[in-house]
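The values are calculated or read from the model by the stated rules, or taken from the named source; none is laboratory data. Quantities reported herein were computed from a predicted structural model and do not represent experimental measurements. Don't worry about glycine lacking a Cβ; one is built from the backbone with ideal geometry, like all the others, and counts go over all protein chains shown.
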């Protein structure tokens with residue numbers, strides 16, 4: 001199979017590091033890579049399909065963070081938390097050929113984090129989410145609306 005080298009979406013001027021971190025091989029004739037927002041929405045949808053609760057997408061672009069989006073959700077217990085992570089991992093790999101650059105917390109499954117570079121998935125148990133309160137920590141960033149999309153589908 002022929003491949004072409006792609007450097008992602010280019011620099012937006014806000015971070016040369018962000019522009020340089022995406023470098024992958026893309027098969028010729030395949031669909032273009034997901035935009036960062038589409039990637040975040042896809043991850044949120046996959047988590048929702050596995051019955052994740054309180055799915056929130058935070059837009060970190062205005063604060064120039066190391067990533068564009070946080071997807072935060074809750075599983076009812078460590079087993080469901082791991083199942084949500086597994087479903088997102090499998091779905092992103094199958095549908096888009098993407099796997100996280102790194103992940104952590106899978107063994108304990110009280111807080112699983114998966115770094116997809118442009119998006120970072122955080123899957124918590126209810127107790128861990130209440131303790132770490134990422135939405136409060138990043139309370140000054142916009143929240144991407146997901147409810148309207150779910151109702152429309």
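Numbers for the structure displayed
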item: Yes/no for residue 118 being surrounded by fewer than 17 Cβ atoms within 10 Å (Cβ to Cβ) and either over 16 Å from residue 51 (Cα atoms) or modelled with pLDDT of 95 or more (or both); result: no
item: Residues of the stretch 78-102 satisfying the condition of being surrounded by fewer than 13 Cβ atoms within 10 Å (Cβ to Cβ) and more than 18 Å from residue 119 (Cα to Cα); result: 79
item: Checklist (1) part of a loop (DSSP other than H, G, I, E, B); (2) touching a residue at least 40 places away in the same chain (Cβ under 8 Å); (3) in contact with a helix residue (DSSP H, G or I) (Cβ under 7 Å, 6 or more places away or on another chain) applied to residue 109, failing item; result: (2)
item: Neighbours by Cβ (under 7 Å, 6+ apart or cross-chain): first from the stretch 78-99, assigned by TED's automatic domain parsing to the domain that holds residue 52; second assigned to a helix (DSSP H, G or I) and surrounded by fewer than 17 Cβ atoms within 10 Å (Cβ to Cβ); result: 87/49; 99/93
item: Count of residues meeting criterion [without any contact (Cβ under 8 Å) to a residue 24 or more places away in the chain and more than 14 Å from the chain's Cα centre (by Cα)] in the stretch 112-146; result: 10
